[in-house]
Amino acid sequence: MAKARASLLFEDDFEGRSQLGDGYRTGRGMEDAWTIRDGVLFGEQIRDDHGSTMRKQMNFDDLHVAFDFRFNGGSRFNFVIDDNNDKTVHAGHVARASVSPKRMSISDDKVGSMNLKVREMRQNKSLAPAPKKKLDEILRRTQASAKVNLASGEWHQMEVIIQGTVMTVRLDGEKVLSLDSSGFAHPTKTQFGMTVNGSSIDFDNLKVYSTD
């Protein structure tokens, strides 16, 4: 069970500026995908081959982050947690929560789908039955999903909490998903943020709390 919030470590309401600013970075060539207008962060996909990425640079182990979001034409976003220094996973991915208007899922990327050995198995279209069974078992125990119903144009609050080996997601104050998987306890995480597909998905009121 997730602990109560301890203290506020960081907050950003995106007021009073038009650029992301220090402490944030976007994917290469994706700077124009992220704009701030009237205190709201807007993200839209501008490349056909990949969603638009935005990351907040911050070193942490456990995590409790809250933010508001609104589907405004976009199809899906991932809230992604990375360790840029971890070379055992694709693009440093440690964990994620994926949100669409009808479904939410969470994934332990560290030992699951983005682990380089697992990813190689996933990309092998002629995988033999025995390793295919092993792959299916790895994905089963490192992922969880639930149905949601998120109408376009409506604001919602999402909380992502990692404490040790447990990742929990709350939507508008209610727990939607929780998963116990070893990769969530990876001790050196260096950034978190969004990957947006479609146009657009809006964000506001980003807050990070301690979990002590």
What about LYS87, is it in contact with a strand residue (DSSP E or B) (Cβ under 7 Å, 6 or more places away or on another chain) and in a loop (DSSP other than H, G, I, E, B)?
no
Please go through the stretch 198-212 and give me each residue that is surrounded by 18 or more Cβ atoms within 10 Å (Cβ to Cβ), out of contact with any His (no Cβ under 8 Å at 6 or more places or on another chain) and more than 21 Å from PHE71 (Cβ to Cβ), ordered by number.
none
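Within the stretch 49-84, how many residues turn out to be touching a helix residue (DSSP H, G or I) at 6+ places or on another chain (Cβ under 7 Å) and not hydroxyl-bearing (Ser, Thr, Tyr)?
Going through the stretch 49-84 one residue at a time, the tally reaches 3.
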Whichever residue in the stretch 96-116 is assigned to a strand (DSSP E or B) and of a type in the set (Ser, Thr, Tyr) and, among such residues, is surrounded by the most Cβ atoms within 10 Å (Cβ to Cβ):
SER107
State whether one or more residues within the stretch 34-48 are touching a residue at least 40 places away in the same chain (Cβ under 8 Å), in a strand (DSSP E or B), on the phi < 0 side of the Ramachandran plot and open to solvent by 60 Å² or more (accessible area, probe 1.4 Å).
yes
Under 8 Å between Cβ atoms, at least 6 apart or on separate chains: pull out the pairs that start in the stretch 21-32 with a residue that is closer than 9 Å to MET54 by Cα and end on any residue that is part of a loop (DSSP other than H, G, I, E, B) and open to solvent by less than 100 Å² (accessible area, probe 1.4 Å).
THR26/LEU20; MET30/ILE46
Out of the residues in the stretch 117-138 that are buried (at least 16 other Cβ atoms within 10 Å of the Cβ) and out of contact with any Leu (no Cβ under 9 Å at 6 or more places or on another chain), which is nearest to ASP180 (Cα to Cα)?
ILE138
So, of the residues in the stretch 152-170 that are within 14 Å of PHE71 (Cα to Cα) and open to solvent by less than 40 Å² (accessible area, probe 1.4 Å), which turns out to be nearest to the chain's Cα centre (by Cα)?
MET158
Scan the stretch 68-87 and give yes if some residue there is of a type in the set (Phe, Trp, Tyr) and open to solvent by 10 Å² or more (accessible area, probe 1.4 Å), otherwise no.
no
Residue that is nearest to the chain's Cα centre (by Cα), among those in the stretch 10-60 that are within 17 Å of VAL208 (Cα to Cα) and polar (S, T, N, Q):
GLN57
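In the stretch 179-197, which residues are among the β-branched types (Val, Ile, Thr) and either open to solvent by 30 Å² or more (accessible area, probe 1.4 Å) or closer than 9 Å to GLY43 by Cα (or both)?
Within the stretch 179-197, THR188, THR195, VAL196 qualify.
The values are calculated or read from the model by the stated rules, or taken from the named source; none is laboratory data. Not measured: the values here are computed from a predicted model. Neighbour counts are summed over all protein chains in view; Cβ atoms, including those assigned to glycine, are modelled from backbone coordinates with ideal geometry. We work out accessible area using only protein heavy atoms, side chains counted, and drop any ligands, DNA or RNA first. Shrake-Rupley method; radii C 1.70, N 1.55, O 1.52, S 1.80 Å.
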